[in-house]
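Asks: Here it is: the structure, laid out below.
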Amino acid sequence: MRQLMLLRHAKSSWDDPGLPDHARPLNARGRRAAAAIAQAMQELRLSPDIVLVSSARRTLQTLEALTPFEDGALIEPMDALYLAPWARLLEAIQAVPETARSLLVLAHNPGLHELALALAGAGAQAGTHAGAAGRPSRDLQRLTEGYPTGALAEFTIASSWRQLEPGGGRLVRFLAPRDLLPAELPA
């Protein structure tokens, strides 16, 4: 089994309207969320062999909060992941060396959310992810409702990276910063 983690960058700042989108940094809430996800990943012993990360400033800053990884990781910033559609994200995953057992992709919505839904079978395979009485799991239900900034989806993958296709993932967990941080006042 392989492990695939999909992480959306944490909340970014809109304080400088003249700043290009690619250059937007994390805001204070985003830095707190990234730190909370990093702590959760450490506690769950989620440590990738390879990290594919969008070259955008906010994704790189989110990654900074996660590192260093326990066993080290090959980190590959990729311009092609910046605002990439889900099919391009899937192509990047399919190109990962087969020796990698665990992969983290750190990117953007809507592509990341669409990829997660595609891997999970968009809820169509609810039986694969079902709880009691065939209902979709709570995590799958939350995933279908949205993919907030700083959220992490973990999948197990039975196929090789090269053969990964829609419906080829089993959702293990879906964590959002609001699950980990105390309630904050609206910004």
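Every read-out reported here was derived from the displayed coordinates using simple, explicitly stated rules and does not represent laboratory data. Here the structure is a predicted model, which is why all the values come from computation and not from measurement. Note: ideal-geometry Cβ built from the backbone for every residue, glycine included; neighbour counts use all protein chains shown.
Asks: Tell me, what HN-Hα J-couplings in whole Hz come from the Karplus equation 6.51 cos²θ - 1.76 cosθ + 1.60 at θ = phi - 60° for each residue of the range 70-83, using x for Gly and Pro?
Replies: Computed from phi, the couplings for the range 70-83 are 3, 9, x, 7, 6, 10, 10, x, 9, 4, 5, 8, 5, 6 Hz.
Asks: Output wanted: per-residue J couplings in Hz (rounded whole) for the range 161-175, from phi through Karplus 6.51 cos²θ - 1.76 cosθ + 1.60, θ = phi - 60°, x for Gly and Pro.
Replies: 4, 4, 9, 4, 9, x, x, x, x, 10, 5, 8, 7, 9, 10
Asks: Is the shape of the range 1-108 rounded, prolate or oblate, going by the alpha carbon gyration tensor and its root eigenvalues a ≥ b ≥ c, with a/c under 1.5 for rounded and a/b larger than b/c for prolate?
Replies: Values: a/c = 2.42, a/b = 1.32, b/c = 1.84.
The shape class here is oblate.
Asks: Rounded to whole Hz and in sequence order, give me ³J(HN,Hα) for the range 106-118 from the Karplus expression 6.51 cos²θ - 1.76 cosθ + 1.60, θ = phi - 60°, writing x for Gly and Pro.
Replies: 10, 8, 10, 8, x, x, 5, 5, 5, 5, 4, 5, 5
Asks: Further question: Once you order the gyration tensor axes a ≥ b ≥ c over the Cα atoms, which shape class does the range 1-43 get: rounded for a/c under 1.5, otherwise prolate or oblate by comparing a/b with b/c? If you can, show how the numbers build up before the last one.
Replies: Details: a/c = 5.47, a/b = 1.91, b/c = 2.86.
Judged from the Cα gyration tensor, the range 1-43 comes out oblate (a/c at least 1.5, b/c at or above a/b).
Asks: Separate question: Can you tell me, using C-alpha contacts under 8 Å and at least 6 residues apart, the relative contact order of the chain as a whole percent?
Replies: Values: 370 pairs, mean separation 55.1, N = 187.
Reported as a whole number, the value is 29 percent.
Asks: Let me ask something additional. If amide hydrogens are placed 1.01 Å from N in the peptide plane, which non-local residues have theirs closer than 5 Å to the one on Leu26?
Replies: Answer set, sorted by chain and number: Ser13.
Asks: Among DSSP beta bridges whose residues both lie in the range 2-180, state the antiparallel percentage, nearest 5.
Replies: Values: 14 of 29 bridges.
For the range 2-180, the DSSP antiparallel bridge percentage is about 50.
Asks: Take every Cα-Cα pair in the range 133-180 and report what % of them are more than 16 Å apart. Don't skip to the answer; put the middle values down first.
Replies: On the way: 524 of 1128 pairs.
Cα-Cα pairs of the range 133-180 separated by over 16 Å account for 46 percent.
Asks: Divide by every residue of the chain the summed helix terms, -39500 (n - 2.57) for each DSSP H run of at least 4, and state the resulting mean residue ellipticity at 222 nm, rounded to the nearest 500 deg cm²/dmol. Write down the numbers at each step before the final one.
Replies: On the way: 6 runs with 56 residues, N = 187.
It comes out at -8500 deg cm²/dmol, rounded to the nearest 500.
Asks: Follow-up. What are the residues whose amide H is under 5 Å from the amide H of Arg173, where those residues sit 5 or more places off or on another chain and H is modelled from the backbone?
Replies: When sequence neighbours closer than 5 places are left aside, the close amide H contacts are Glu154.
Asks: Can you give the charge dipole size of the chain about its Cα centre, rounded to the nearest 20 debye, using +1 on the beta carbon of Lys and Arg and -1 on the beta carbon of Asp and Glu? The partial results should precede the final answer.
Replies: Details: 19 positive and 19 negative charges, 87 e Å.
Here the size comes out at about 420 debye.
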